[in-house]
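Take a look at the structure below.
The values are calculated or read from the model by the stated rules, or taken from the named source; none is laboratory data. Since this is a predicted model, take the numbers as computed values, not measurements. FYI the Cβ positions are ideal-geometry reconstructions off the backbone, even for glycines, and counts take in every protein chain you see. These accessible areas exclude ligands, DNA and RNA; they are computed on the full protein's heavy atoms, side chains included. Shrake-Rupley method; radii C 1.70, N 1.55, O 1.52, S 1.80 Å.
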Amino acid sequence: MNEHAKLSPLLEVRDVVKAYGGVRALNGLNLSVQQGEIHCILGPNGAGKSTFFKTIMGTERPTTGKVFYKGQDVTRLPAYARARRGLSVKFQNLRTFGDLSVLQNLYPALRRRFSPSEIPARAEELLARVRLDVPPDRLVKHISHGQQQWLAIATAMASEPDLLLLDEPTAGLGPEETHLTAEIIRDLNAAKVTVVVIEHDMGFIRSLCGRTSVLHYGALFAQGTFEEMAADPRVQKIYLGTE
């Protein structure tokens, strides 16, 4: 038996529908995430992956259905209240400030939990966790795109979340940066952070060795190991666009 199957889900989405007019971005989605796992979300464009993240974080509310976190119904809670309960997200679009320093980018997130005197040391710890070896006073516009991705992950980790959501963390990265990003995520997970990742890079997903869920038309289409999903002819069909 999978060790995660013995535990209650950390996150559970039950029968969630999210409709925009007559279009359902999520269509009766049922999906759970177990505490301590890396859970990868795959699916073709329009499968509902980003809407799934927004519904979890509370930036979008489901039309029907419920979202549970740590066993509690958080469906109607606003995003800030969910963040206080241990949820954090790095969205696909980078939200860094190029004209501010690395430390200044981290400061707003850190000041919610730490005093001003503690922040520089905490920032150094965060930068080390995401392998970001740059001076804290370096302007963000002067660091690479990959380093900005890692800074965004560090910002999401500043609240010391239990559940970290990462939307396409390797977008625009080269092979070496992608490999390092996988190492960062595995290290965070080893430090007891549950991680949910949306990605298109199949090699990257394979390297994370996590449970993999495939969404299609806003619903759970298939679930298992990456190898099982990659070998599933139904999954191959939807990625080839023949279904």
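Annotations
- Helical mean residue ellipticity (222 nm; -39500 (n - 2.57) per DSSP H run of 4+; nearest 500) of the chain: -10000 deg cm²/dmol
- Long-range amide H partners of Asp201 with built H, under 5 Å: none
- Dipole orientation for the stretch 174-243: of the candidates Ala219, Ala190, Gln236, Ala219 has the Cα lying most toward the positive pole (charges on Cβ; Lys, Arg +1; Asp, Glu -1).
- Å² of accessible area per residue within the chain, as computed with a 1.4 Å probe and no ligands counted: 49
- Annotation: the antiparallel percentage among DSSP beta bridges lying fully within the chain is about 55.
- For Leu10, residues with placed amide H under 5 Å, excluding near neighbours: Val33, Gln34, Gln35
- Inter-label distance, Glu183 to Asp73: 4.6 nm, where each label sits 7 Å from its Cα along the C-beta direction.
- If R0 equals 30 Å, the separation of the Cβ atoms of Leu100 and Glu125 corresponds to a calculated FRET efficiency of about 0.95.
- The stretch 1-121, accessible surface, carbon-and-sulfur percent (1.4 angstrom probe): 48
- Under the Karplus curve 6.51 cos²θ - 1.76 cosθ + 1.60, θ = phi - 60°, whole-Hz ³J(HN,Hα) for the stretch 15-30, x wherever Gly or Pro sits: 6, 7, 10, 10, 10, 10, x, x, 9, 9, 6, 10, 10, x, 6, 10
- The HN-Hα couplings worked out from phi for the stretch 56-65 by the Karplus form 6.51 cos²θ - 1.76 cosθ + 1.60 (θ = phi - 60°) are 5, 6, x, 7, 10, 9, x, 5, 9, x Hz, whole numbers, x standing for Gly and Pro.
- Rounded tilt (10° steps) of 175-190 against the dominant C-alpha axis of the chain: 90
- Computed over the Cα atoms of the stretch 72-164, pair by distinct pair, the Kirkwood hydrodynamic radius stands at 13.7 angstrom.
- The percentage of C-alpha pairs in the chain whose separation is greater than 28 Å is 32%.
- Angle of helix 145-157 to the longest C-alpha principal axis of the chain, folded into 0 to 90 degrees and rounded to 10: 80°.
- Between amide H atoms placed 1.01 Å from N, distances below 5 Å from Leu26 occur with Lys18, all of them 5 or more places distant or on a separate chain.
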